[in-house]
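Colleague: Sharing a structure below in structure tokens format, with a few things to ask.
FYI, it's all coordinate maths here, none of it is from the lab. From a predicted model like this one, the values you see are computed outputs, not experimental measurements. When we count neighbours, we look across all protein chains shown, and the Cβ atoms used for this are built from the backbone with ideal geometry, even at glycine.
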Amino acid sequence: MADYIDLPTAVVAIDFGTSYSGYAFSFRSEFKKSNESREIFRNSWTSGMAGNLSLKAPTVALFDPNKDFHSFGYEAQEKFFDLTEYKEDGEWYYFSKFKMQLFDKMKLSRNLTITDESGKSLPAMRIFSKSLEFLVRNAVSQINRAIHQTSQLSEKDITWVLTVPAIWNEPAKQFMREAAVEAGIDKDKLMLALEPEVAALYCRYLPGTSGGKDENDILSILHHGGRYMVVDIGGGTVDIAVHEVSGNGKKVTEILPASGGDWGGESVNKSFFDYFTREIGGEKSTKIKQTRKSHWMKLETNFEEKKRKLKSNSERGIRLDVPPVIILDAEMKIDLSKSWKMDISNDIVRSFFGSTNNIIRHMKFILDRVADIDLILMVGGGAQSDYVSNMVKQEFASKTVIVPAKAEVAVMEGAVLYGFEPWTISARMCRYTYGIGCNHPFKVGVHREEYRSEIDGRDMCKNIFDRLVTEGEVLEIHEKRVAEQYSSSHKSESRKDIILNFPFFASSDTSCQYVTDQSCERIGKIDIQPPADGWPDSVKYRLEMYFGRTEFEVKIFNDNDDREYSAEFDFLI
Ligand SMILES: Nc1ncnc2c1ncn2[C@@H]1O[C@H](COP(=O)(O)OP(=O)(O)OP(=O)(O)O)[C@@H](O)[C@H]1O
Ligand SMILES: [Mg+2]
């Protein structure tokens, strides 16, 4: 984990999104400037095909028939489009929207595989790491070009920030971290940042929000004190955080565990394609998708463009360009003497945005529970939708709803700022109750008889869930939880060099007692490496754990002599 104290020479942030990915960077010299004159630089790429729909690049990765990485982003999209036009794509591997494979998983394997649209699969770790490597290399060469005139910056001067949804579980975060390290980022120079948090940081530095000149200015909340909700509407997930600013703007505390769902912009596209499939018939749709891939890709782009232009007050519906081959193959009922477009009525278009109702419902649920939230920040590509943002504004008319101009880059630019001042988010709320599985001396009348067992000659109770932290607790980033009741014995030679591990559990029940409870799930372990000279005959441990950081951290000491052992959480199977 990168240091919390030194100001880095340069920060590069990577926003690896479900739909679009990009990077942004800046230098210490820029960070020290005032809000108005500070510059954050961004990736620059151009696309012929999709007409640069996003300031980021599409999250698509292409591997050749030998399973070697070919390209990422616009380049991958264009190459694949070309291959499909000549029907040469059969042996290639084309992956898109694969970030969603990590969403909502409490258990994740390092060996996870991802299947592409034609049914061929590759290891997920490889797809993620090669894609990240592409972004890392581009970023490094762009930085080197940017500073060419002055001094060469060495890669070791860079602090890397990789953003992840706040609603992701620990295994998904670790998966991203390992993919980033595999991509060539030094693990000690890498920090993970939570997407809605850094987006809020971006809003804090928006021009005109320098803060507090006008006491009535609602944006002064971001600088002086008060509560706000930040809603990151991405392609895959909607990620919501609620923060409180205190300490004269110096302290931002998470006051509700991050929450959300898979209601991002892609769900609108999916609703459209479900509708399209119903209209032309499932069998035809499957066949056309397979045999007319390039045309299908064109249809996807056409819908994406239409979606972006949709106005909240539009009464007309949309006229969608459908590639002629699809119209003919699907025998669509379109009067071709008039046009080659598909008319979709306003009511149907609105039904594609069902996910927006989920977002609003969830926001209401939060506002009913947390008082005094007057400010709502909407970020992410989905917030750029006139339709979506106006629906939210109408629903929460009594609140101030702010959508920054380039909402889709709020995460990656905010992540650069975060790289310079990670301590700004000073405390976070725990999303589950976490504990270690262990044995305790058996207490008659307290412990469950069926778990009673004689261990090393002692009367013990197995399967105890030893709670370390409870759901809803707010933990400062430097706050540690200490556990001292663990010990191990290593008298025999065969136990001198073993790797020890403590099983680690999450529970949705704050009063969970046993790791076998229904609410409880083993999500990983803490691995402890043996010291170079082997374990002493017996060890009494002191575990110090940090649950208020973007990733959980653990330090393990021998409580007798304070010697530290090398230890790490491992949430991957
Ligand atoms: N003007 C717009 N109108 C409607 N939707 C838009 C607009 N601009 C972007 N989007 C949608 O926003 C989504 C992309 O947003 P963003 O780049 O924030 O997502 P991401 O970071 O790739 O995904 P995630 O954060 O879920 O991993 C896409 O679904 C895109 O269609
Ligand atoms: Mg995003």
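Colleague: Arrange the peptides 488-496, 191-199 so that the one whose residues have, on average, the most other Cβ atoms within 10 Å appears first.
Modeller: The densest-packed peptide leads the list: 191-199, 488-496.
Colleague: Provide the net charge surrounding VAL379, with neighbours chosen by a C-beta distance below 10 Å and charges set as Lys +1, Arg +1, Asp -1, Glu -1.
Modeller: Neighbour charge sum, excluding VAL379 itself: -3.
Colleague: OK, next. What ranking, highest mean first, results for peptides 543-552, 245-254, 28-37 when packing means the other Cβ atoms within 10 Å averaged over each residue? The partial results should precede the final answer.
Modeller: Numbers: 543-552: 20.7, 245-254: 17.4, 28-37: 12.1.
Sorting 543-552, 245-254, 28-37 by mean packing, highest first, produces 543-552, 245-254, 28-37.
Colleague: Pop out the ³J(HN,Hα) list for the range 157-174 in order, Karplus 6.51 cos²θ - 1.76 cosθ + 1.60 with θ = phi - 60°, rounded to Hz; leave Gly and Pro as x.
Modeller: 7, 8, 9, 9, 10, 10, 8, 9, x, 5, 7, 5, 8, 4, x, 5, 5, 5
Colleague: Which net charge results when you count Lys and Arg as +1 and Asp and Glu as -1 among the other residues whose beta-carbon is under 11 Å from that of THR356?
Modeller: Spelling it out: positives minus negatives among the neighbours equals +1.
Colleague: Treat each spin label as a single point 7 Å out from the Cα along the C-beta direction, and report the ASN144 to GLU88 distance in nm.
Modeller: 3.1 nm
Colleague: Per-residue ellipticity at 222 nm for the chain, helices alone: DSSP H runs ≥ 4 residues times -39500 (n - 2.57), over residue total, nearest 500 deg cm²/dmol? Show your work: numbers first, answer last.
Modeller: Values: 13 runs with 153 residues, N = 573.
Calculated mean residue ellipticity at 222 nm is -8000 deg cm²/dmol.
Colleague: Kindly flag which residue pairs out of LYS56/LYS156; LYS364/LYS406; LYS173/LYS406; LYS56/LYS406; LYS79/LYS130; LYS56/LYS173 have an alpha-carbon separation exceeding 23 Å in this structure.
Modeller: LYS56/LYS156; LYS364/LYS406; LYS173/LYS406
Colleague: I've got another one for you. Quick one: Karplus J couplings for the range 71-77, per residue in order, coefficients 6.51, -1.76, 1.60, θ = phi - 60°, nearest Hz, x for Gly and Pro?
Modeller: Whole-Hz 3J(HN,Hα) from phi for the range 71-77: 6, 9, x, 4, 4, 5, 4.
Colleague: Here's something else I'd like to know. Could you tell me which of rounded, prolate or oblate describes the chain, using a ≥ b ≥ c as the square roots of the eigenvalues of the alpha-carbon gyration tensor, with rounded for a/c under 1.5 and, failing that, prolate when a/b is larger than b/c and oblate otherwise?
Modeller: Prolate, since a/c reaches 1.5 and a/b exceeds b/c.
Colleague: Extension gain VAL181-ASP562, at 0.36 nm per residue separation less the Cα-Cα distance, in nm?
Modeller: Fully extending the segment from VAL181 to ASP562 adds 134.1 nm.
Colleague: What lysines could a cross-link reach from LYS333, if we take a straight Cα to Cα line under 28 Å and drop same-chain neighbours fewer than 8 places away?
Modeller: Within the straight-line limit of under 28 Å, LYS333 reaches these lysines: LYS87, LYS270, LYS284, LYS287, LYS289, LYS293, LYS298, LYS306, LYS307, LYS309, LYS311, LYS341.
Colleague: With both bridge residues required to lie in the chain, what share of the DSSP beta bridges run antiparallel, to the nearest 5%?
Modeller: 80 percent
Colleague: What are the ³J(HN,Hα) couplings of the range 374-387, residue after residue, when phi is run through the Karplus curve with 6.51, -1.76, 1.60 and θ = phi - 60°? Round to Hz, x for glycine and proline.
Modeller: Running phi through 6.51 cos²θ - 1.76 cosθ + 1.60 with θ = phi - 60° gives 9, 10, 10, 9, 10, 9, x, x, x, 6, 6, 6, 4, 4 Hz.
Colleague: Looking at the range 377-516 only, what percent of DSSP beta bridges run antiparallel? Nearest 5 please.
Modeller: Of all bridge pairs located within the range 377-516, approximately 95 percent are antiparallel.
Colleague: Set the Förster distance to 45 Å, then compute FRET efficiency between GLN290 and GLN518 from the Cβ-Cβ distance, nearest 0.05. Write down the numbers at each step before the final one.
Modeller: On the way: r = 43 Å, r/R0 = 0.96.
So the FRET efficiency works out to roughly 0.55.
Colleague: Kindly state, to the nearest 0.05, the FRET efficiency for ASP104 paired with GLU450, given R0 = 45 Å and r defined as their beta-carbon distance. Don't jump to the answer; show the numbers that get you there.
Modeller: Values: r = 33 Å, r/R0 = 0.73.
E(calc), rounded to 0.05, equals 0.85.
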